[in-house]
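What follows is one structure encoded as structure tokens, with my remarks underneath.
The values are calculated or read from the model by the stated rules, or taken from the named source; none is laboratory data. This structure is a prediction, so every number in the text was calculated from the model and none was measured. Glycine also receives a Cβ, built like all others from the backbone with ideal geometry; neighbour counts cover every protein chain displayed.
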Amino acid sequence: MTEFREVGSADQWDELIEAHGGHPLQAWGWGELKERTGSWRARRVVAERDGAFLAACQVLVRKLPWPFGHIAYAPRGPVTDDPARLGEAADAIAAWCRDHARAVSLKIDPAVTSEEARLGSAWRPSEKILIPNTAVLDLTPDEDQILASLHSKKARQYIRKAGRSGVAVRPARREDLPQIMAIYHDTAEADGFFIHTDEFYETAFDACTDVNQVFVAEHEGDVLAFLWNVTTRGGTAFELWGGVTDEGKRLRANYLLKWEAIRAARERGARLYDLNGLLNDGISKFKMLFVSEPTDWMGTFDRPLSPLYHVWEASLKLYRKLFK
């Protein structure tokens, strides 16, 4: 028999997520960010089967136009102790979403491979939100072993070169945000990718204090690069956003910055460092200097929970076609 309970305490939820090796996008702060900056509501549920832990899941719920109810999305969830039980856990959370959130569907994109886990036939591949093709470092060896394991000899050389050139890495402060955002705007324009408003990142700095690990690299008082990660103890360090100036590239500040972020994630107790997304661009080539091979997570899946699901999907496709 499966029983459910919702958790309403930030401390209790984060302790639970970290005790079971959960992803930082399942932490309280990430749900708080999505509530403050959009139309999502975060609900946090634990599933127990026969009195034992089965899964925990932070589900983001958004209201749809009548009569569809809601859609539900569990970024990098649900959290389980055993990837082999992911299908069982996902089915349980889907049932909760149907019965307690009036969801027309549940979308998930767990950070596990297809070899580690399987989903039942009711789940269908879906349009991705998070990129499944990524680069991942194992943080369980000691620092010297991790450094020696970096795929590129050049990366190790540039890490040391940046330090010798006087580049220093430190945790970011809130007063660094204007410089961080100036770098990010320039990086986004140069590489052609979308970023949110500055207010979004200010909110993220405040809302995600439970998982934030934000760093800047500086030289002679000038900020040259930043890297914004979210990290859970016993779980994953996940790169979200980063950027570097031309001077930072010249001094190889981004190499030392990434290495110090890796070290900090390991010190916090993360077991994996996910460089988050490979897109066959210059940023992805830089990421691949740190790992020997890419990792493919299983991808994004939807579980229809209502007879109206297919009507909603058709309506959404028509809307995108007409207003793209």
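Checking each residue in the range 3-28 for being surrounded by fewer than 17 Cβ atoms within 10 Å (Cβ to Cβ), part of a helix (DSSP H, G or I) and not hydrophobic (A, V, I, L, M, F, W, C) picks out Asp11, Gln12, Glu15. Of all residues in the range 31-50, count the ones that are modelled with pLDDT of 95 or more and within 19 Å of Ala90 (Cβ to Cβ). Of the residues in the range 31-50, 9 are modelled with pLDDT of 95 or more and within 19 Å of Ala90 (Cβ to Cβ).
Selection of the range 119-166 for residues being in contact with a Gly (Cβ under 9 Å, 6 or more places away or on another chain) and surrounded by fewer than 13 Cβ atoms within 10 Å (Cβ to Cβ) yields Gly120, Pro125.
Among the residues of the range 296-324, those identified as touching a Pro at 6+ places or on another chain (Cβ under 9 Å), at negative phi and at pLDDT 95 or above are Asp296, Trp297, Met298, Thr300, Phe301, Asp302. Being more than 26 Å from Met298 (Cα to Cα), of a type outside the set (A, V, I, L, M, F, W, C) and either out of contact with any Gly (no Cβ under 8 Å at 6 or more places or on another chain) or not in a strand (DSSP E or B) (or both): is that true of Asp81 here? Judged against the criteria, Asp81 is not a match.
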